[in-house]
Amino acid sequence: MNLIIQATYDIAPEQLKELNGLTGACRAEQISSRAYRLIDAHPHDGVASYCWEQQLDYAYVRPSLKLSDFGLLVMDMDSTLITIECIDEIADMYHLKPQVSAITEAAMRGEIDFAESLRRRVALLEGLEESALQRVYDERLQLSPGAEIMLAKLREHDIKTLLVSGGFVFFTERLKTRLGLDFAHANTLEIVNGKLTGQVLGDILDAQGKADYLVHTRDELANKGKQVIAIGDGANDLKMMTQASVSIAYHAKPVVRSQASYAFNFVGLDGLVNLFGG
């Protein structure tokens with residue numbers, strides 16, 4: 001296997017030497033100053049703890065696996081494609097962020113059913129002006145580091161992109177247009193006379209809904225022999241991640257890291273490009 005090592009800083013020679021010693025890799029190839037590929041590396045229990053201590057991300061990848069082998073990337077929105085949890089920031093406009101954030105965190109850890117958690121959080125927003133949504137988009141929403149680099153590389157390989165979120169259509173549709181994404185699905189907030197009613201319209205897009213959209217989109221594309229990558233950070237992403245060929249836990253909760261193919265604990269979304277190369 002190849003061992004891909006990445007960091008948010010320039011990786012030092014002594015770090016490579018330590019990892020070479022642990023894995024018996026035959027050589028290290030430089031991908032960039034912040035990413036290396038260790039060739040013919042063998043698994044070693046010490047790699048995980050060493051990388052965590054050094055704030056390095058690591059992944060054992062088959063040498064034959066390339067980005068061009070994939071046909072679809074499916075990703076979560078809140079705290080994955082973007083740095084914020086939109087509903088928490090909406091709540092902040094109403095001075096309710098602590099209450100809403102506590103429910104969000106419990107849901108992402110898998111302690112509360114997602115649909116129930118969303119109903120409880122949205123109910124707290126009853127009466128909030130619709131303009132608060134635009135303020136959150138304009139003033140607080142930021143893309144996660146490396147997002148645009150990752151998306152540009154995906155376009156080079158004609159890899160389709162699906163944004164599927166337990167968040168809200170107000171944000172997913174704007175991001176779809178802004179970033180040139182192929183598909184997007186999310187929940188719709190009910191708004192009457194310019195104010196949120198505290199209700200979600202229609203069925204709530206939950207963990208199973210995310211998985212279903214992945215399967216539907218994959219089958220609709222019918223990319224023969226092409227694989228699927230899924231990226232998420234919370235328990236609500238686990239079902240869709242199990243439907244993918246490769247799953248990536250992005251700055252994720254422990255329950256997600258433990259079940260994903262790979263974990264990016266430190267680097268940005270452009271770490272995907274370093275995993276599989278061109």
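The values are calculated or read from the model by the stated rules, or taken from the named source; none is laboratory data. The model shown is predicted, which means the values in this text are computed figures rather than measured ones. Reconstructed Cβ throughout: ideal geometry from the backbone, glycine too, with neighbour counts over all protein chains shown.
Structure data summary
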item: Strands (runs of 3 or more DSSP E) enclosed by region 1-74 - at least 1 residues per element that are out of contact with any Asp or Glu (no Cβ under 6 Å at 6 or more places or on another chain), modelled with pLDDT under 95 and among the basic types (K, R); result: 27-32
item: Tally of residues being assigned to a loop (DSSP other than H, G, I, E, B) and buried (at least 22 other Cβ atoms within 10 Å of the Cβ) across region 202-216; result: 1
item: Selection from region 104-115 of residues that are assigned to a helix (DSSP H, G or I) and either touching a residue at least 12 places away in the same chain (Cβ under 8 Å) or of a type in the set (A, V, I, L, M) (or both); result: T104, A106, A107, M108, F114, A115
item: Answer residue from region 217-273, given it is surrounded by fewer than 19 Cβ atoms within 10 Å (Cβ to Cβ) and hydroxyl-bearing (S, T, Y) and is nearest to H157 (Cα to Cα) among those; result: S245
item: Some residue of region 188-201 being part of a loop (DSSP other than H, G, I, E, B) and closer than 30 Å to L96 by Cα; result: yes
item: Every pair of residues 6+ apart whose Cβ atoms lie under 9 Å, when the first sits in region 49-62 and is more than 16 Å from S258 (Cα to Cα) and of a type in the set (K, R) while the second is outside any strand (DSSP E or B) and modelled with pLDDT under 95; result: R62/M1
item: Test for V164: is it crowded, with 16+ Cβ neighbours inside 10 Å and in contact with a Lys or Arg (Cβ under 7 Å, 6 or more places away or on another chain); result: yes
item: Matching residues in region 234-265 - criterion: being within 18 Å of W52 (Cβ to Cβ), in a loop (DSSP other than H, G, I, E, B) and in contact with a helix residue (DSSP H, G or I) (Cβ under 9 Å, 6 or more places away or on another chain); result: H251, A252, K253, Q259, A260, S261, N265
item: Test: residue in region 97-116 that is at pLDDT 95 or above, within 29 Å of S258 (Cβ to Cβ) and surrounded by fewer than 21 Cβ atoms within 10 Å (Cβ to Cβ); result: no
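The rows are residues; the columns are (1) over 15 Å from the mean Cα position of the chain (by Cα); (2) of a type outside the set (G, A, S); (3) in a loop (DSSP other than H, G, I, E, B).
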site: S117; (1), (2), (3): yes, no, no
site: Q134; (1), (2), (3): yes, yes, no
site: E148; (1), (2), (3): no, yes, no
site: L163; (1), (2), (3): no, yes, no
